[in-house]
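S.K.: Have a look at the structure that comes next, please.
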Amino acid sequence: MEEQKQCPYDKSWFAPHRSNQIYASRENQIAHKNERVRKEKELTKQKDNALKKNRRICEVLVDAEKKEVVVTKDYLSGSGFTFSVFNGSAKVEGVVATCIYEFYVKRENEQFKIGRLDGKY
């Protein structure tokens with residue numbers, strides 16, 4: 001009697017053609033991977049979208065001519081900026097600032113200084 005394995009995607013039993021075969025068919029393997037990726041994207045979508053929006057706001061404020069800009073919290077809030085979403089930190093002028101890709105955001109009193117990081121980020 002051939003060894004039977006259970007497919008992790010559709011739970012069907014099958015006789016593997018190779019010793020390392022995990023799925024009953026290539027279609028099941030692809031469908032299972034797509035399902036996993038879709039679930040993973042759903043978990044990160046909200047924060048990724050907020051991060052992208054924050055980056056777009058920084059990009060508009062700090063264009064090619066300006067090295068940095070100082071804005072109020074109200075201005076950023078009105079632009080739709082999400083203050084709780086960042087993807088890094090960097091030392092800027094001796095102080096640790098939060099980062100959004102190539103931009104840093106540094107709080108100074110009741111205002112925020114936003115600038116573009118030099119070099120690698």
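The values are calculated or read from the model by the stated rules, or taken from the named source; none is laboratory data. Quick caveat: nothing in here was measured; it's all calculated off a predicted structure. Counting neighbours? That spans all protein chains shown, and the Cβs are built from the backbone with ideal geometry, glycine included. Each accessible area value is taken on the protein alone, full model and side chains, heavy atoms only, with ligands, DNA and RNA left out. Shrake-Rupley method; radii C 1.70, N 1.55, O 1.52, S 1.80 Å.
S.K.: Pull out the extension gain between residue 89 and residue 38, defined as 0.36 nm times the separation in residues minus the alpha carbon to alpha carbon distance; nm, one decimal. Walk me through the intermediate numbers first.
M.R.: On the way: separation 51, 0.36 × 51 = 18.36 nm, distance 2.89 nm.
So the extension gain works out to 15.5 nm.
S.K.: Let me ask something else about it. Give me the accessible area per residue for segment 1-98, probe 1.4 Å, as a whole number in Å². List each step's numbers first, then the result.
M.R.: On the way: 7500 Å² over 98 residues.
Here the residues of segment 1-98 average 77 Å² of exposed surface.
S.K.: Would you rank 22, 57 by solvent-accessible area, highest first, keeping every protein chain in place and using a 1.4 Å probe?
M.R.: On the way: 22 100, 57 20 Å².
These residues rank, largest area first, as 22, 57.
S.K.: Would you please calculate the Kirkwood hydrodynamic radius of segment 61-116 over all C-alpha pairs and express it in Å, rounded to one decimal?
M.R.: Values: mean 1/r = 0.0867 Å⁻¹.
Result for segment 61-116 stands at 11.5 Å.
S.K.: What angle, in degrees between 0 and 90 and rounded to the nearest 10, separates the Cα long axis of helix 26-61 from the longest principal axis of the Cα atoms of the chain?
M.R.: Taking Cα atoms only, the helix is inclined about 0 degrees.
S.K.: Under unit Cβ charges (Lys, Arg +1; Asp, Glu -1), what dipole magnitude, rounded to 20 debye, does the chain have relative to its Cα centre? Intermediate values should be presented prior to the final figure.
M.R.: On the way: 24 positive and 18 negative charges, 22 e Å.
Using only the charged Cβ atoms, the result is roughly 100 debye.
S.K.: A further question follows. Among the aspartates and glutamates, which have Cα under 13 Å from the Cα of residue 73 when same-chain residues fewer than 8 positions away are ignored?
M.R.: Straight-line reach from residue 73, under 13 Å: 108, 110.
S.K.: While we're here: Under 19 Å from the Cα of residue 53, which aspartates and glutamates turn up, not counting those fewer than eight places away in the same chain?
M.R.: Output for residue 53: 42, 63, 68, 74, 102.
S.K.: Might you work out the accessible area of residue 83 for me, using a 1.4 Å probe with all protein chains in place, and round it to the nearest 10 Å²?
M.R.: Probe radius 1.4 Å; accessible area of residue 83 about 60 Å².
S.K.: With contacts defined as alpha carbon pairs under 8 Å and 6 or more residues apart, what's the relative contact order of the chain in percent? Don't skip to the answer; put the middle values down first.
M.R.: Values: 144 pairs, mean separation 21.5, N = 121.
Relative contact order, the chain: 18 percent.
S.K.: Calculate for the chain the 222 nm mean residue ellipticity that helices alone would give, adding -39,500 (n - 2.57) per DSSP H run of length 4 or more and normalising by residue count, nearest 500 deg cm²/dmol.
M.R.: Details: 2 runs with 43 residues, N = 121.
Estimated from H runs of four or more residues: -12500 deg cm²/dmol.
S.K.: Here's something else I'd like to know. On a straight-distance basis, which lysines could pair with residue 91 in a cross-link, Cα separation under 18 angstrom, same-chain partners fewer than 8 positions away excluded?
M.R.: 67, 106, 113, 120
S.K.: Would you kindly find the accessible area of residue 52, with a 1.4 Å probe and non-protein molecules such as ligands, DNA and RNA excluded, rounding to the nearest 10 Å²?
M.R.: 110 Å²
S.K.: While we're on this one: So how far apart, in nm, are the two label points at residue 69 and residue 118 if each is 7 Å from Cα heading toward Cβ?
M.R.: It works out to 2.2 nm between the two label points.
S.K.: Now, a different point. Have a look at 114, 15, 32 and report the one farthest towards the positive end of the charge dipole of segment 11-118, computed about the Cα centre with Cβ charges (Lys/Arg +1, Asp/Glu -1).
M.R.: Farthest towards the positive pole: 15.
S.K.: Report in % the part of the accessible area of the chain that belongs to carbon and sulfur, leaving out ligands and nucleic acids; probe 1.4 Å. Spell out each step's value before the answer.
M.R.: Working: 4400 of 8910 Å².
Carbon with sulfur: 49 percent of the solvent-accessible area.
S.K.: Something else about it: How much accessible area does residue 108 have with a 1.4 Å probe, in Å² rounded to the nearest 10?
M.R.: 70 Å²
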